[in-house]
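The values are calculated or read from the model by the stated rules, or taken from the named source; none is laboratory data. Please read these numbers as outputs of a predicted model, since none were measured by experiment. Cβ sites come from the backbone with ideal geometry, for glycine too, and all protein chains shown count toward neighbours. The area values use the complete protein model at the heavy-atom level, side chains included, leaving out ligands, DNA and RNA. Shrake-Rupley method; radii C 1.70, N 1.55, O 1.52, S 1.80 Å.
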Amino acid sequence: MSYPMTPSYINTSQFNSKQFSNDQSADRKIEGNRESRSESMNWVQRKIYLYNVTFGLYMLDWWERCLFNILVILLMWFVCYNGARNASEFCKSNLWSSDGHIL
């Protein structure tokens with residue numbers, strides 16, 4: 001049997017359709033295992049895992065990880081607090097006039 005678009009120098013009789021279908025089912029089974037593994041982790045768990053791997057926290061003890069997380073939270077609070085303070089000062093000085101109306 002000759003397949004369309006197959007070069008003549010390739011022997012198509014060597015392909016066993018049953019063997020090919022078994023290989024496909026094995027591939028699907030492997031992909032299914034990957035999908036079930038990734039589906040077992042929800043979005044939040046994946047983000048926590050990514051955070052731990054990115055910053056290398058997976059190799060720390062629980063108390064070191066806790067200390068690092070506290071430092072990160074304090075840094076984020078500092079940045080957000082000062083950003084909000086500076087944004088309100090900017091809005092007061094540049095966007096609103098002295099009588100309270102927007103320019």
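The set of residues from segment 54-91 being modelled with pLDDT of 95 or more, under 24 Å from the mean Cα position of the chain (by Cα) and open to solvent by less than 70 Å² (accessible area, probe 1.4 Å) comprises Cys66, Phe68, Asn69, Val72. Among residues of segment 48-67 that are without any contact (Cβ under 8 Å) to a residue 60 or more places away in the chain, those with a beta-carbon under 8 Å from a residue that is open to solvent by less than 90 Å² (accessible area, probe 1.4 Å) and part of a loop (DSSP other than H, G, I, E, B) at least six positions away or on a different chain give the pairs Tyr49/Met41.
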